[in-house]
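Chemist: Quick one: the structure is below, and I'll ask about it shortly.
The values are calculated or read from the model by the stated rules, or taken from the named source; none is laboratory data. These figures come from a predicted structure and were not determined experimentally. Every residue, glycine as well, gets a Cβ built from its backbone with ideal geometry; the counts of neighbours run over all protein chains shown. Note: areas computed on protein heavy atoms with side chains; ligands, DNA, RNA excluded. Shrake-Rupley method; radii C 1.70, N 1.55, O 1.52, S 1.80 Å.
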Amino acid sequence: MNLDLDGRIGEGWSGEAPNGSHVNVVLARRGSPTAAAAIGMFAHPSPGHTPVLVCVGPTQQKYEPIWPPTLMMNKATAVEERHQTMTWGAAQLGIGQGVLDAVADGLLEATGELLVLVAVWVDPAADDESAVREANRAATLKALTVCVEGRDPAAAAALVERRDALRNPFYGGA
């Protein structure tokens, strides 16, 4: 396994609001301080935020974990039942599929020596399970690709050049 992946960070967005998804990913080598911090989140959840080991299966009794082990934490507080279902159902499945896509593409190895930590944002207004699943799958693979392959240097340089004109959809100032 490429031990240089420990501590790598990636980001991905896919889909259209309200059914799109935003993920942040951290890779951690088993036994590293990064892995200890990721696993520590299991012991300290806050209300409306539930860390889970990403599992898939047709029923809860037939769950099996994604490999490499993938820990998921929701960024948007999930208190309404529909939002919880979208987060721990559609988003979890999509994240699992995205990690498995990365394994199939040769970006990651299916090993217990690597942990994948995914922080996921699912819009509370999401209303299409399939779109949420697909968005999480694509966003996760995008983020993992950045973790492993790095950011395109030309894209990073272009961002520096545009820094004074940058905008954010949640910023309304001048």
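Chemist: Keeping to the range 139-170, report how many residues are polar (S, T, N, Q) and farther than 23 Å from G98 by Cβ.
Modeler: Here the count works out to 1.
Chemist: Would you be able to say whether some residue in the range 152-167 is in a helix (DSSP H, G or I), within 26 Å of G89 (Cβ to Cβ) and open to solvent by less than 90 Å² (accessible area, probe 1.4 Å)?
Modeler: So far as the range 152-167 goes, no, none of its residues is in a helix (DSSP H, G or I), within 26 Å of G89 (Cβ to Cβ) and open to solvent by less than 90 Å² (accessible area, probe 1.4 Å).
Chemist: Name the residue, out of T111, T87, T70, that is closer than 20 Å to V146 by Cα, polar (S, T, N, Q) and in contact with a strand residue (DSSP E or B) (Cβ under 8 Å, 6 or more places away or on another chain).
Modeler: When all the criteria are applied, what remains is T70.
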